[in-house]
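Undergrad: Next up is a structure, given as structure tokens.
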Amino acid sequence: MNNTPIPACWSRVEIQVATQVDVGGLEFGDAAADAVFDAVHQSVPLGRLDKTRRDDPERVDQTEVLRDLCQPIASNEPHLRFITGKAGSGKSHLVRWLRTHIPDNPAWHVVYIEKRNTPLRRVIEQILAGIDTQAANELRHSLAQTASRLPTVREAMLALLNQLHQIIEYDETPVIDDLSGADLQFMRRQVARLIGELPFKQRLSIPGGPIERITKLAMSGIDPDFDISEDDLQISASDLEVGLGSFEDSSKELQRLVSSLVSTLSMRRATAAIINYHLTRAKAEIFTGRSADLLSVFEEVRRELALQGKELFLFIEDLVLLHGIDTQLAQALTLPARADLCPIRAVIAVTSGHLERYTTFAERGVQYTMDVDRASLEIDDLRAFVGRYLNAGRVGRKDLAAAAKSGEPIPNRCPKCVHVDRCHATFGVTSEGHGLFPFNAEAVDNLVELASPQGFDPRNILRQVIRSPLEVAEDELRRRGAFPSARFAATLAPTRLVVPVELRNAIASRSASADQEISLRAFYARTPPRLDDSLRAIAETLGVPLTDLGANDAAPEPATATARTPRARPNEIDQWAAGEFLAGGLARTIRTWILRALGARMQASPCGLNVRALSSEVKVGMISVTFSNIVIPKAGGGGAATPAGPTLRFEQNDADATLFKGILSAASGNLAGPDGGAWFLHMQKRLAEFEAELITAAQAHADEGLIEALNILGVMSTVDGTEATTAAEALAVLVQPKRPADLNPVITQLLQGSDALRVQALTELRDRLTQRKGNGAPSVFDAAAVLNALLPAVRLNELSATVGDPTPLEPGMRAFRDRHRALAGQAWDAVQRLLDRLRRYIADDEDFAATADELDKFVSHAHTAGALPQRDSRARYDDLRRKATPDAFKTHRRLLKLAAAGPAPARLWELKRDPSADLNALLDYWQQCDQLLTAYQPDTGNQPSGEEVYDRERLQTALKALADSLEG
């Protein structure tokens, strides 16, 4: 095999000339430019549209269009033909071809208006070309004077805005777009006010702004290196989003007006509509002169031609050139011929959709559309289309022009090349004999499909298939094995989607020329990405080693030479690797698999931490890993919140996309997956690294929350009255405190309302102090970490008023502390009310036993003497006396002392047993005693009223006197 490299065989400069954005870049009438045009031109299908075939165009070719255009005119109606199509479809190219191929006819006065740098003034001068009359000469002089008055763009912009202001100020048009009546009058005044203000004019005239753009196009015409659309010749609502800072020194009225404009979309749209409506007239008056009435110009030209017995034959490469005089042109071209006006035939290129603006004009002619389906072109024709440009770049303008001048056929440089035999055999040749190097037929087909996916888009094919790739090839072919790199066709297929991510990843890991091999497989393979004999030969010629991908390189079926099967849409993971969004369902499947794999790994590992694995969470110690911790860029289902703790991050690249394909394969039951299962080993390595990070984080936070958890359990264990003296006893009480059977309902309410916090505290304790073996139960292994804190915790009866650093327990602790305080206040309020009621009958230092003994004697004597107020007084007294036990007396005395300290949360545990029964028993007893004593008030001397507190000595004296009197 000959390993001599094939060098770049074209000139970059010549390729750039041949592949200019528009044919308008090739000056008409220039021998070299005409020769290049002829060398690259290729016929494409067209559709003929007329009134009867609007939805079903008749298929025609360029020769039929030429024949139709040049047929004899049988009536006085203008013979108009429109070439329509989307931007870049080759309309101007066809107009130029028609101009080049019309026969020589002395009866035709041909005017050709090309796109190349043709300002409005030049359009009229072209129409006047060859017309030597006084009126025509005067008009030429007027155009020259108009141009001389506006030597700079700045002056022209100001003149255009001033003219707009004047026209809008005095305009009386009744309807503009959807504005009419009072609305139109109001908006016209507002727009005139804005346009008339110098600060607003200056803002619209900034470099790169809309007025500069419109002015340059009117003064200098279209630069062939740039695309121009109809919208570029008008003001848009977005052009009016001016910055308010530019008007800080303006009047308050103007500031208010500009503020309304900027903040109101409907006002900006209405303003743009009014400006654009009058812009055509303003441009014509400024750039062609007020005397340049196109209707009069055409009539002058047609009168002169009628005298000469000629027809006016007009070629216009793009109607957009005439913005400003297009309406007048449309009117002029529809005037029928008569004795003093010559017949007209014209062919005009116009972008699809724009012709509808000129209803009468459009209906006078026939349309030929270039918006054809790419599938309607033969595959050999598309290859020949590219081949012609390659040949033009090899031959060059000079030799093409020389051949055209001598009448020779368009030269083909390939036969003179020393590499021709090997080059054509390896890379292929078109049906016209042009070599496809540095492409092959498959590369041309693939690149054309990518550059022109919907229809036939020659402009984008020139840019993306020919110009840009050839520039890359010219640079890289100097170094063997460097072409085609990732730069090749990078704007068309930056990630080579036709090569699945797992294959790209495998090639990248095994080959030193991964980019080149992937490019070859993506574009040059007969059945991408599989290898074939042709691709192997190309790779060997270019010096690119190929990787054996096993079954993925099985011999494909040969592709046909005349048809091409559309590429299948890549799957979701390949699209994600190319920058697309990954749907939430797939992302959830991936995250779920990762969480389960992580949980299984960590539960089976001696990590020294408690690991709990759920379907959507893995908890390692106190570190939680959820979907949000598995970060997949541009994917759904990860949660909007910023993940807390360690994260497992993936990138939108081939390596991680291969992992995802493997995960999805495993999730569906196929454990092998891509890359022969190698993805699984890579995934386990990633999980191991993440696992280590989790363990480090969990160990770093192992002590956080331990004391808080113990404190919570300690306060709640106060319900158990056990006096713990050792750490073991304290731990038993903390974990499982005993509750008295007669526990105060308020304390029960506190504990029941805090069950969740208690469980959380126990969980915190377990997660920090236990580990799990496999799927088994947790076992304590590190109690030493809390030994010194157990006794202090079990003796705690309230939580601190302040909480330390934030922990997972903090919200619950705050809620418990507040609830504890509230219930303690509630319980002590109830006790205090009972104590206050008892003070009405007994003193705080009353000797209960002595007083009760005296009352017992009194009731006994009174009952014996039959002196009690009621028959059942003795029975009721005895019943209440039994309930007023010594323990009840002790409870009252204890609570009197505690009440003085106030209802702090810690005091709630002093009410562990509800004291209301004892206090109510005492209250009932003393009320009964009060009733009995009141019945004998006259005999007791200075017996106090029921509202007074009894004096123990006085009471005993009175009771003794009563007893003596009863015995007497």
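Undergrad: Condition check: at pLDDT 85 or above, touching a strand residue (DSSP E or B) at 6+ places or on another chain (Cβ under 8 Å), part of a helix (DSSP H, G or I) and under 30 Å from VAL175 (Cα atoms). Does ALA270 satisfy that?
TA: Spelling it out, ALA270 is indeed at pLDDT 85 or above, touching a strand residue (DSSP E or B) at 6+ places or on another chain (Cβ under 8 Å), part of a helix (DSSP H, G or I) and under 30 Å from VAL175 (Cα atoms).
Undergrad: Might you check whether a residue that is assigned by TED's automatic domain parsing to the domain that holds VAL65, over 45 Å from the mean Cα position of the chain (by Cα) and either free of Cβ contacts under 8 Å to residues at least 60 places away in the same chain or farther than 27 Å from GLY85 by Cβ (or both) occurs anywhere in region 352-365?
TA: Yes, region 352-365 has at least one match.
Undergrad: Moving to a separate point now. Which one of LEU734, LEU710, LEU671 is part of a loop (DSSP other than H, G, I, E, B) and under 53 Å from the mean Cα position of the chain (by Cα)?
TA: Checking each option against the conditions leaves just LEU671.
Undergrad: Does region 857-865 include one or more residues that are in contact (Cβ under 8 Å) with a residue 40 or more places away in the chain and either in contact with a Pro (Cβ under 8 Å, 6 or more places away or on another chain) or within 14 Å of LEU923 (Cβ to Cβ) (or both)?
TA: no
Undergrad: Of everything in region 854-893, what is at pLDDT 85 or above, farther than 25 Å from ASP914 by Cβ and among the basic types (Lys, Arg)? Give them in sequence order.
TA: ARG874
Undergrad: What about GLU155, is it in a helix (DSSP H, G or I) and not assigned by TED's automatic domain parsing to the domain that holds LYS283?
TA: It is false that GLU155 is in a helix (DSSP H, G or I) and not assigned by TED's automatic domain parsing to the domain that holds LYS283.
Undergrad: Of all residues in region 292-315 being touching a Lys or Arg at 6+ places or on another chain (Cβ under 9 Å) and either within 25 Å of HIS354 (Cα to Cα) or outside any helix (DSSP H, G or I) (or both), which is modelled with the lowest pLDDT?
TA: My answer is ALA292.
Undergrad: Let me ask something else. Taking the criterion of being buried (at least 18 other Cβ atoms within 10 Å of the Cβ), in a helix (DSSP H, G or I), β-branched (Val, Ile, Thr) and at pLDDT 85 or above, would at least one residue in region 95-116 satisfy it?
TA: Taking every residue of region 95-116 in turn, at least one turns out to be buried (at least 18 other Cβ atoms within 10 Å of the Cβ), in a helix (DSSP H, G or I), β-branched (Val, Ile, Thr) and at pLDDT 85 or above.
Undergrad: For region 567-582, which residues satisfy the criterion of being at pLDDT 85 or above, more than 18 Å from the chain's Cα centre (by Cα) and buried (at least 16 other Cβ atoms within 10 Å of the Cβ)? Break it down into steps so the answer makes sense when it comes.
TA: Within region 567-582, the first condition is being at pLDDT 85 or above, and the residues that meet it are 571-582.
From what's left, more than 18 Å from the chain's Cα centre (by Cα): 571, 573-574.
Within region 567-582, ILE573, ASP574 qualify.
Undergrad: Is it true that PRO438 is in the same structural domain as ASP533 (by TED's automatic domain parsing), assigned to a loop (DSSP other than H, G, I, E, B), in contact with a helix residue (DSSP H, G or I) (Cβ under 8 Å, 6 or more places away or on another chain) and crowded, with 18+ Cβ neighbours inside 10 Å?
TA: Yes.
Undergrad: From the list ARG467, ARG487, ARG479, which one is within 25 Å of GLU580 (Cα to Cα), modelled with pLDDT of 90 or more, basic (Lys, Arg) and not assigned by TED's automatic domain parsing to the domain that holds GLY90? So that I can check it myself, show each step before the final result.
TA: On the way: ARG467 fails: within 25 Å of GLU580 (Cα to Cα); ARG479 fails: within 25 Å of GLU580 (Cα to Cα).
It is ARG487.
Undergrad: Which residue is modelled with the highest pLDDT, if the candidates are limited to region 634-649 and must be closer than 16 Å to TRP576 by Cα and either surrounded by 15 or more Cβ atoms within 10 Å (Cβ to Cβ) or of a type in the set (Ser, Thr, Tyr) (or both)?
TA: Here the residue is ALA635.
Undergrad: For region 261-275, enumerate the residues that are without any contact (Cβ under 8 Å) to a residue 60 or more places away in the chain and farther than 16 Å from GLY209 by Cβ.
TA: SER263, THR264, LEU265, SER266, ARG269
Undergrad: Still on this structure: Restricting the search to region 410-435, which residues are in a loop (DSSP other than H, G, I, E, B) and either in contact (Cβ under 8 Å) with a residue 12 or more places away in the chain or among the acidic types (Asp, Glu) (or both)? Reasoning before the result, please.
TA: Filtering region 410-435 down to residues in a loop (DSSP other than H, G, I, E, B) leaves 410-413, 417-419, 428, 430-434.
ILE410, PRO411, ASN412, ARG413, CYS417, HIS419, GLY428, THR430, SER431, GLU432, GLY433, HIS434 - these are the residues of region 410-435 that are in a loop (DSSP other than H, G, I, E, B) and either in contact (Cβ under 8 Å) with a residue 12 or more places away in the chain or among the acidic types (Asp, Glu) (or both).
Undergrad: In region 911-927, which residue that is out of contact with any Phe, Trp or Tyr (no Cβ under 9 Å at 6 or more places or on another chain) and in a helix (DSSP H, G or I) is surrounded by the fewest Cβ atoms within 10 Å (Cβ to Cβ)?
TA: Looking at the filtered set, the residue picked out is ALA917.
Here's the yes/no breakdown for (1) buried (at least 19 other Cβ atoms within 10 Å of the Cβ); (2) modelled with pLDDT under 85; (3) assigned by TED's automatic domain parsing to the domain that holds LEU341; (4) under 40 Å from the mean Cα position of the chain (by Cα):
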| residue | (1), (2), (3), (4) |
| --- | --- |
| ASN3 | no, yes, no, no |
| CYS9 | yes, no, no, no |
| LEU26 | yes, yes, yes, no |
| PRO57 | no, yes, yes, no |
| GLU64 | no, no, yes, no |
| PHE82 | yes, no, yes, no |
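Undergrad: Only residues that are farther than 20 Å from LEU757 by Cβ and crowded, with 17+ Cβ neighbours inside 10 Å: list them for region 717-726, please.
TA: Result: ALA724, single match.
Undergrad: Then there is this: Does region 548-566 contain at least one residue that is at pLDDT 90 or above and surrounded by 14 or more Cβ atoms within 10 Å (Cβ to Cβ)?
TA: no
Undergrad: Counting only residues that are surrounded by fewer than 20 Cβ atoms within 10 Å (Cβ to Cβ) and at pLDDT 80 or above, how many does region 274-291 have?
TA: The total comes to 3.
Undergrad: Sticking with this one: Check ILE195 against each of (1) at pLDDT 85 or above; (2) surrounded by fewer than 19 Cβ atoms within 10 Å (Cβ to Cβ); (3) under 15 Å from LEU160 (Cβ atoms); (4) not aromatic (Phe, Trp, Tyr) and name the one condition it does not meet.
TA: (2)
Undergrad: Exactly one condition in (1) crowded, with 16+ Cβ neighbours inside 10 Å; (2) modelled with pLDDT under 65 is false for LEU790; which is it?
TA: (2)
The values are calculated or read from the model by the stated rules, or taken from the named source; none is laboratory data. Note that the coordinates shown come from a computational prediction; the quantities given were computed from them, not determined experimentally. All Cβ positions, even for glycine, are placed from backbone atoms using ideal geometry, and neighbour counts span all protein chains on display.
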